[in-house]
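What follows is one structure encoded as structure tokens, with my remarks underneath.
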Amino acid sequence: MIHATIPTAAIVEDNYRQDFDQDALRQLAATIGRDGLLQLPIVEDSGDGTYLLCDGNRRLIACRDILGWHEIPAMVAQPGEIEDRETAQYIANAQGVATSPLEDGDRFLQWQTRRGWDAATIAERIGKTVPYVERRLAVAQCSEQTREALRCGLISLTLAAELSHLDQNRQRLALGYAMRDDVRQSDLVAYLAKLAQDQGEEAQGGFSFTIEEWHAETVAQREREEANASLLPMGRAEIADYLGVKVPTVSQWAQRGILPAPDGRISGNPVWLPATIHAWALESGRVTA
């Protein structure tokens with residue numbers, strides 16, 4: 001590579017990164033204006049008067065768009081001198097300001113399409129794990145609505161990757177369900193499984209259920225399970241788990257008559273109804289209402 005001063009207008013920004021922190025760019029421009037450009041951008045000479053940017057996108061923007069530079073000093077590589085320009089560019093970005101999962105996913109998808117690289121190959125080239133690459137490849141193929149929800153921080157990367165397996169309409173339904181205030185994580189997992197099953201069984205046309213139907217059924221089932229659980233007798237281990245103490249402590253309470261009288265016995269062991277233990281725990285101050 002050689003050191004040269006080149007026109008900023010001749011630099012082609014072949015960069016998948018789209019979103020830049022404007023305040024950070026202004027701070028970078030102020031630093032460059034005060035101290036100079038201490039780390040030069042790296043470009044590749046295309047041989048036609050233009051240069052492909054390999055490293056230094058933020059520095060280029062700060063110098064060109066904020067400081068108004070028409071020329072910029074750079075390290076210029078000849079064609080083929082940088083063995084894998086795109087991978088080098090990704091690594092340079094990752095070592096600077098972190099890229100978003102969507103930006104990563106879009107670039108990984110380009111490599112997969114244009115170069116035929118699978119997730120394992122991409123992971124090896126950029127020094128990441130295969131699951132890291134697979135999750136980002138998944139979100140790159142989500143609906144625009146799901147991508148926007150991830151971009152705004154409304155959903156997690158893990159959830160977005162799960163939604164990628166659904167069609168656009170079902171992604172929309174899943175997003176609506178995930179945004180509800182009364183949804184538990186277990187409900188959401190079950191709902192996504194139901195959507196996936198429904199998609200597999202019904203390739204075209206509407207849906208075999210609605211969000212309201214599903215949620216009402218899920219809540220009713222949970223209430224039935226909780227009601228049934230309240231009828232199951234408790235032994236010393238269940239009481240210890242309920243109160244957050246050790247089993248020997250409960251045994252000592254039973255021996256010293258601190259616990260209420262058992263409601264019955266199973267296989268010779270004393271058991272108590274949950275209502276009995278709860279009332280005793282409230283009265284003794286071991287739990288609050």
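The values are calculated or read from the model by the stated rules, or taken from the named source; none is laboratory data. No experiment lies behind these values; they were computed from the predicted model shown. Cβ sites come from the backbone with ideal geometry, for glycine too, and all protein chains shown count toward neighbours.
Miscellaneous remarks
- Selection of the stretch 1-27 for residues being in contact with a helix residue (DSSP H, G or I) (Cβ under 7 Å, 6 or more places away or on another chain) and at pLDDT 85 or above yields Thr8, Ile11, Leu25, Arg26.
- Scanning the stretch 21-51 for residues that are closer than 18 Å to Met1 by Cβ and crowded, with 20+ Cβ neighbours inside 10 Å gives Pro41, Ile42, Val43, Glu44, Tyr51.
- Of the helices (runs of 4 or more DSSP H) lying entirely inside the stretch 93-166, those containing at least 2 residues that are in contact (Cβ under 8 Å) with a residue 60 or more places away in the chain and not polar (S, T, N, Q) span 101-115.
- Number of positions in the stretch 90-125 that are farther than 30 Å from Gln171 by Cα and either at pLDDT 80 or above or polar (S, T, N, Q) (or both): 4
- Any hit, the stretch 254-274, residues being buried (at least 16 other Cβ atoms within 10 Å of the Cβ), modelled with pLDDT of 90 or more, aromatic (Phe, Trp, Tyr) and not assigned by TED's automatic domain parsing to the domain that holds Leu175: yes
- Selected residue (only one of Thr87, Thr129 is surrounded by fewer than 21 Cβ atoms within 10 Å (Cβ to Cβ) and modelled with pLDDT under 90): Thr87
- Filter result (crowded, with 17+ Cβ neighbours inside 10 Å and acidic (Asp, Glu)) within the stretch 96-126: Glu103, Asp104, Asp106
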